[in-house]
Amino acid sequence: MAVMTKEMTLSKETAYNIQVPAAGAVKHAWDMIARDHENVFGSKPLRKEPGTITIRYAASDEECPAWPEAYSFQFSGEGDSRRLEIIGRDELGLIYGMLHYSRACLGVDPFWFWADLPPARRESVTITAESFHSAKPKVRYRGWFVNDEVCLIGWKEEYPPTREVWLPVFEALLRCGGNMVIPGTDLPKHGVHHELAAEMGLWITHHHAEPLGAEMFLRAYPGKQPSYLQHPGLFENLWREAIEKQQENKIVWVLSFRGQGDKPFWEDDPSFDTPEKRGAMIASVIKRQYEMVRETVAEPVCCMAMYGEIAELYKAGHIQVPAGIIKVWADNGYGKMVSRRHGSLNERIPALPSADDSGKHGLYYHVTFHDLQASNHLTLFPSSPELITGELAAAFQAGADEYLLLNCGNIRQHLYTLDLVSRCWQDGPPAGQDEEGLSRFAGRLFTRELEDITSLYRRYFASTIAYGPHPDDRAGEEFYHHPARQIIGRWISRGGDEPEPSLVWAAGRQPFPAQVAWFGRKAADALPSWEQLAEDCRTIMGRLQQEESRRLHDHLLFHIELHASGCRGLAALSRAYQACWTGHYPLAFVHASQSMRDYAEGLHVLQTAEHGRWRHFYRADWLTNIANTVEHADTLRRYLRMHGDSPDMFLWYKAYLMPETEKYIYLENTHRRPLSDDELARRLRDYFLDSGELQAGS
């Protein structure tokens, strides 16, 4: 005889009995469930007692895990009388239980908003009625740093961003199992970001440049020397105000001491001229901050950012950290747990606790970054998922699993890696390749062509430019823009053969012409892979329904096209320099014009992804700043036209384009309409193609 599976049917008639005050964080969670229920079943949910589904806190002796944020599902009754109880150990446990119901029972994806992925409309949903308990997360404090969030800032007219912008950010974080956030970077204190994050039940933590969440010294005391030696009372006033303001919230207090503007403090106070002096000052400040927090907050959770110079001083034994503070180690911005590159200095000092370093440890990790060199701000993480999982596995093995703060950027562009890290902070990193996780991710966003789509993602990570010898030396889209602008600025402003210092980090300390050629070769060599990947992606889009085709565009082709257009622009810029170097200014002008058009394709890529609710999402692209690169290239071609076509902007037309029969008999007073830059570039390009001086496709 077949064993009957216990089942429960949900429908628009399903009623909810919330046995806790529906206020604050629980109200936010209920609002999500109510919206999800309506989207799935087509009507607002019923609330009554008794209900089909009861939401309540667990009793102290009840069968529900005892750790913080735990939840259980308990079923009772039979047939049409079957009931479900969602039981939470605490507020966040209750919220996670409700959101698990949303995902597992109603089919709502954690990234439904960011991926334009509404739940399917259903008449009813049948679930398996088997009780279960939530698993304990691998990481205790886990969440996002919403950093370099210019897309979120520029998306709407209001500044600082309003609740409308922040609600889907915090909702997605909660749905991913996160419990901690730094809500934005240096936003005005009157914004709603901190208040709303706390209201939704999240722990708040702080940027390492803003210890305790305090106001920057120079904002509070403009004109004063930002020296703790000179003004300890003023610094402590700011710290005390921050502690008193936040003492009622759930705070992971960040203890730190860096200079104003997120730099070493001794840049403003050169009397600290030895590692011993610097370490002693940092240690004394950390100790004082810790004392101040403990004076006001019972059993505070405190951490210390082992970032940059602080990690180096600590490892050298110059900083003593009080017991009980979580030491937070940072990757280099490219996913590797080593010290970050500063200009061309790249010491790659390991950034993990040693085996004999007792206490609790955590991580500050990037899947998006902005560093004016080769980082990925608008595009997906450039290295393989296995770099992420391997680094997290090693970090957890070293004991750095108490805290994980993930730099999530502007959310929308980084969904796969945000999903990957959320699985790691919940269950630990997967062994080997993330094939199953990537396939599941693709299966959430698409219903067809899953094997091919998964392959496209894999090929994306393999196509990024390897600009150095290490596995994490892979280029994001900023590689095509910041170096290009540095090349153009150097070229126009002072020229010369000596190495350009701002390019040494990638191209080495070789003459400037060789540096420019190095970037051009890297871009040209990578371009065929990106172009083939774009073509294959469009082919698959053509086999998908309209909604899924648009989704594949926004979440993969978008990234591919930004890389491809950047490669084309950088390669053409290098060709322009080479032509200029040989004195062929008209040909250099043609290549510079082509570079400008190639970079302008990137602007078009941004615009095509701004449909529907995403209108204006990329208008504040101030960091990669593709528009700035286009303007630089335009300035360059105007500069080049000065070399031989000035002052009348007619000489190149006469030399290359005017019919031979007219060159020696025309009257200047009837032939003086200069061609525009665009028209001249187009016609000169055709001429050089016909003459063989320019190859098709270049």
*Just wondering, is there one or more residues in segment 537-546 that are over 30 Å from LEU445 (Cα atoms), touching a helix residue (DSSP H, G or I) at 6+ places or on another chain (Cβ under 9 Å), without any contact (Cβ under 8 Å) to a residue 12 or more places away in the chain and not basic (Lys, Arg)?*
no
*Residue by residue through segment 91-100, note down the ones that are over 14 Å from GLN426 (Cα atoms) and either touching a Leu at 6+ places or on another chain (Cβ under 9 Å) or in a loop (DSSP other than H, G, I, E, B) (or both).*
LEU92, ILE95, LEU99
_Just to be sure I understand, how many residues within segment 201-218 are closer than 22 Å to VAL146 by Cα and out of contact with any strand residue (DSSP E or B) (no Cβ under 9 Å at 6 or more places or on another chain)?_
4
*Specify which of the listed residues (PRO65, PRO45) is farther than 17 Å from LEU106 by Cβ, in contact with a strand residue (DSSP E or B) (Cβ under 8 Å, 6 or more places away or on another chain) and not hydrophobic (A, V, I, L, M, F, W, C).*
PRO65
*Tell me, please, whether a residue that is in contact (Cβ under 8 Å) with a residue 24 or more places away in the chain, touching a strand residue (DSSP E or B) at 6+ places or on another chain (Cβ under 8 Å) and not assigned by TED's automatic domain parsing to the domain that holds ALA316 can be found in segment 220-228.*
yes
*Residue identified as farther than 19 Å from HIS133 by Cα and over 37 Å from the mean Cα position of the chain (by Cα) among GLY42, GLY51, GLY24, GLY107*: GLY51
*asked:* I want to confirm something. Restricting to segment 1-30 and keeping residues that are within 26 Å of VAL169 (Cα to Cα) and among the hydrophobic types (A, V, I, L, M, F, W, C), which single residue is modelled with the lowest pLDDT?
replied: ALA22
*Look at segment 127-184 and say how many of its residues are over 25 Å from GLU210 (Cβ atoms) and basic (Lys, Arg).*
3
*When you scan segment 662-698, how many residues do you find that are outside any helix (DSSP H, G or I), under 19 Å from SER646 (Cβ atoms) and at pLDDT below 70?*
2
*Would you mind stating whether THR635 is at pLDDT 90 or above, under 40 Å from the mean Cα position of the chain (by Cα) and assigned to a helix (DSSP H, G or I)?*
yes
*Filtered residue count, segment 40-51, keeping only those that are crowded, with 19+ Cβ neighbours inside 10 Å, modelled with pLDDT of 95 or more and not aliphatic (A, V, I, L, M)*: 2
*Among the residues of segment 532-546, write down those that are surrounded by fewer than 16 Cβ atoms within 10 Å (Cβ to Cβ) and closer than 16 Å to GLU601 by Cβ.*
GLU535, ARG538
*Report whether or not GLY495 is surrounded by fewer than 18 Cβ atoms within 10 Å (Cβ to Cβ) and modelled with pLDDT of 95 or more.*
no
*Which listed residue, of GLU347, GLU295, is surrounded by fewer than 16 Cβ atoms within 10 Å (Cβ to Cβ), within 28 Å of GLY508 (Cβ to Cβ), touching a helix residue (DSSP H, G or I) at 6+ places or on another chain (Cβ under 9 Å) and assigned by TED's automatic domain parsing to the domain that holds ALA395*: GLU347
*State the number of residues belonging to segment 101-143 that are assigned to a strand (DSSP E or B), farther than 15 Å from SER422 by Cβ and of a type in the set (Ser, Thr, Tyr).*
3
_Looking only at segment 604-620, filter to residues that are surrounded by 20 or more Cβ atoms within 10 Å (Cβ to Cβ) and part of a loop (DSSP other than H, G, I, E, B); which one of those is farthest from the chain's Cα centre (by Cα)?_
ALA609
*Residue among ASN410, ASN332, ASN376 that alone is surrounded by fewer than 23 Cβ atoms within 10 Å (Cβ to Cβ), closer than 26 Å to LEU570 by Cα and at pLDDT 95 or above*: ASN332
_If a residue must be under 31 Å from the mean Cα position of the chain (by Cα) and either assigned to a loop (DSSP other than H, G, I, E, B) or within 19 Å of TRP329 (Cα to Cα) (or both), how many such residues does segment 260-284 contain?_
7
*Could you look through segment 621-632, keep only residues that are touching a residue at least 12 places away in the same chain (Cβ under 8 Å) and assigned to a helix (DSSP H, G or I), and pick out the one that is surrounded by the most Cβ atoms within 10 Å (Cβ to Cβ)?*
THR629
*Could you give me the residue pairs with C-beta distances under 8 Å whose first residue belongs to segment 520-532 and is more than 12 Å from ALA475 (Cβ to Cβ), whose second residue is of a type in the set (D, E, K, R) wherever it lies, and which are 6+ apart or on separate chains?*
GLY520/ARG575; LEU527/ARG568; SER529/ARG459
_Of the criteria (1) in contact (Cβ under 8 Å) with a residue 12 or more places away in the chain; (2) in a loop (DSSP other than H, G, I, E, B); (3) not assigned by TED's automatic domain parsing to the domain that holds MET337; (4) not aliphatic (A, V, I, L, M), which one TYR460 fails_ = (2)
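The values are calculated or read from the model by the stated rules, or taken from the named source; none is laboratory data. Note that this is a predicted model, so its numbers are computed, not measured. So basically every Cβ, Gly included, is an ideal-geometry build from the backbone, and we count neighbours across all protein chains shown.
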